[in-house]
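Just so it is clear, none of the values below were taken in a lab; they were calculated from the coordinates. All figures in this text were calculated on a predicted structure; none of them were measured in a lab. Cβ atoms come from the backbone with ideal geometry, glycine included; neighbour counts cover every protein chain shown.
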Amino acid sequence: MGADKAALTYLGRPQLARAYDALISVVDHAFISVRREQADDPLRAAYPQIIDTLADAGPAAGLLAAHRAFADVALLVVACDMPRLDAATLAALVAARDHQSSVTAYQSPHDGRPEPFCAIWEPAALRRLQDLAAEGHFGPRRAMLATDTRLIVPADPGRLDNINTPSERARVCDGSHES
């Protein structure tokens, strides 16, 4: 992207604030995952944080840090690069949660596979991710595919679009969101 995705504005607010607000509307407690050097960033410092402890683990670092902090708790995980994600989409995910499955996740409209960063990870799946990470494999989807993941189809697949390039962002901003 060439810019901090969490700080990009949509509808006049940083994406991190929008994602946090959607998340906190459906859970009792929410945290943001930060690398140690991000902890004092003014945008991130405004929120409760969990500091990643693994370097070079990508997005799995946040999942693993949260699992270490709350080992026996299921985690509703969202990414900060989904500007169209809303509380209704998260509420539908929570309502569809299957406690017998290791993960309840939306099925990606792009490839049919589980979307790891709009999902509810049960402790068993997080332990599987931890085991894979110990072997040097940090891919959250790999852990999801190695467990019993319940996939649900999103009512509005566009809500799960992650924005990774300036041109993708321009399309979102030209639609229902402003920059």
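Observations, loosely collected:
- Gaussian network model of the chain, springs between alpha carbon atoms under 10 Å - residue of 125, 87, 95 with greatest fluctuation: 95
- Linear extension gain, residue 146 paired with residue 131, 0.36 nm per residue minus alpha-carbon span: 4.3 nm
- Between residue 124 and residue 27, the FRET efficiency estimated from the beta carbon spacing at R0 = 25 angstrom works out to 0.80.
- Residue 113 paired with residue 98, simple spin-label distance in nm, labels 7 Å along Cα-to-beta-carbon: 2.0
- Normalised by the number of residues in the stretch 9-174, the average gap of Cα pairs under 8 Å and 6 or more apart makes the relative contact order 23 percent.
- Rounded to the nearest 20, the size of the Cβ-charge dipole of the chain about its Cα centre is 100 debye, with Lys and Arg at +1 and Asp and Glu at -1.
- Between 102, 25, 167, the GNM of the chain built on Cα springs shorter than 10 angstrom shows 167 fluctuating the most.
- Distance (nanometres) between label positions extended 7 Å along Cα→Cβ at residue 87 and residue 4: 2.6
- Comparing mean-square fluctuations of 42, 157, 59 from a GNM of the chain with C-alpha springs under 10 Å, the top value falls on 42.
- Note on residue 54 and residue 69: the model spin-label points, each 7 Å out from Cα along the C-beta direction, lie 1.6 nm apart.
- Rounded to whole Å, sorted largest first: equivalent-ellipsoid semi-axes of the stretch 34-179, Cα gyration tensor: 24, 21, 14
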